[in-house]
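All remarks here apply to the structure that follows.
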Amino acid sequence: MLRIPAGRRNGGLRVLALGTIIIIVLVSLLVARVATAAFMLTGLSREVSRFQSRSALTGSGFTTSESEMIVNHPVRRRIAMTLMLLGSAGLVTAIATLILSFANADREQTLERLGVLIVALAILVVLSRTRYVDQLLNRMIGFGLSRWTDVTDSGLARLLHLGGDYGIAEVAVDDHDWISGRTLAELDLRAEGVAVLALVCSNGAFIGAPVFDITTRPGDSLILYGPERRLEDLDRRKTGAEGEQARVGAIAEQLERIRIETRERERSDAERDGRTEHRS
């Protein structure tokens, strides 16, 4: 009867444990992405959905007005409860397998396995943040949730299937931000290709489709829809000459974008008309 040496057998078990950790992390990332999409389908913004899904999965349990939106909504509450259960089981399993993978290993083996684990986790993080992977996952998740669950659909659900670089972000208003202390008419974010969907006041009040004469104040948040790079710029843009210069550059970029899109649409219309005449 063939006998496998104990050292080799234990080494195989430790490698298997290391692979198990990587799989657990991969599954956790996918679960968080599915939960983010599910929260978005119930009407939450992308930023709020991402934060709350990670909070529930890790068991952090932040007590905020956003958490009340989860608890007071039956579907969101079920999503959060599922995440808590999966997060607890995943944490215990990850700790146990981590201990097993490094148990009784010498210095060289420990460094080797630690290096493999770090590289594997880094690859998973990079892949999870790749735009192509993000769009593919969103389409798959949105299809699965709409087909096999009773998650309430909303206008945000359709945004999961939009192409390009557009997205939704919740931008906090701070004291020295360019967007602070101005009316929406003065901000005129439309000129930069950004639409204001809602305003969340510092006291928790939610104002959907706010009027142009409303003034932003520190502690408020704007829920915006537009090119993701422009949303990131608005979140970082500070008051002063530099902020005004960024505003001018953003408007010029948006005008150029409109010209390019207009030319593409005219070319598409011309090609369609040409095909119609050819068939006639």
If we only count strands (runs of 3 or more DSSP E) wholly inside segment 163-280, which ones have 3 or more residues that are in contact (Cβ under 8 Å) with a residue 24 or more places away in the chain and surrounded by 10 or more Cβ atoms within 10 Å (Cβ to Cβ)?
166-172, 195-200, 221-227
Among the residues of segment 24-51, how many are open to solvent by 40 Å² or more (accessible area, probe 1.4 Å) and at pLDDT 70 or above?
10
So, in segment 62-100, of the ones that are open to solvent by 60 Å² or more (accessible area, probe 1.4 Å) and not in a helix (DSSP H, G or I), which residue ends up modelled with the highest pLDDT?
N72
Test: residue in segment 209-217 that is within 20 Å of the chain's Cα centre (by Cα) and of a type in the set (S, T, N, Q):
no
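Okay, residues lined up against (1) touching a Phe, Trp or Tyr at 6+ places or on another chain (Cβ under 8 Å); (2) modelled with pLDDT under 90; (3) not hydrophobic (A, V, I, L, M, F, W, C):
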residue	(1), (2), (3)
V211	no, no, no
T216	no, no, yes
E228	yes, yes, yes
E232	no, yes, yes
G243	yes, no, yes
G274	no, yes, yes
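The values are calculated or read from the model by the stated rules, or taken from the named source; none is laboratory data. Small disclaimer: the values here were computed from a predicted structure and weren't measured. Virtual Cβ from ideal backbone geometry, glycine too; neighbours counted across all protein chains shown. Heavy atoms of the whole protein, side chains included, go into the accessibility calculation; ligands, DNA and RNA do not. Shrake-Rupley method; radii C 1.70, N 1.55, O 1.52, S 1.80 Å.
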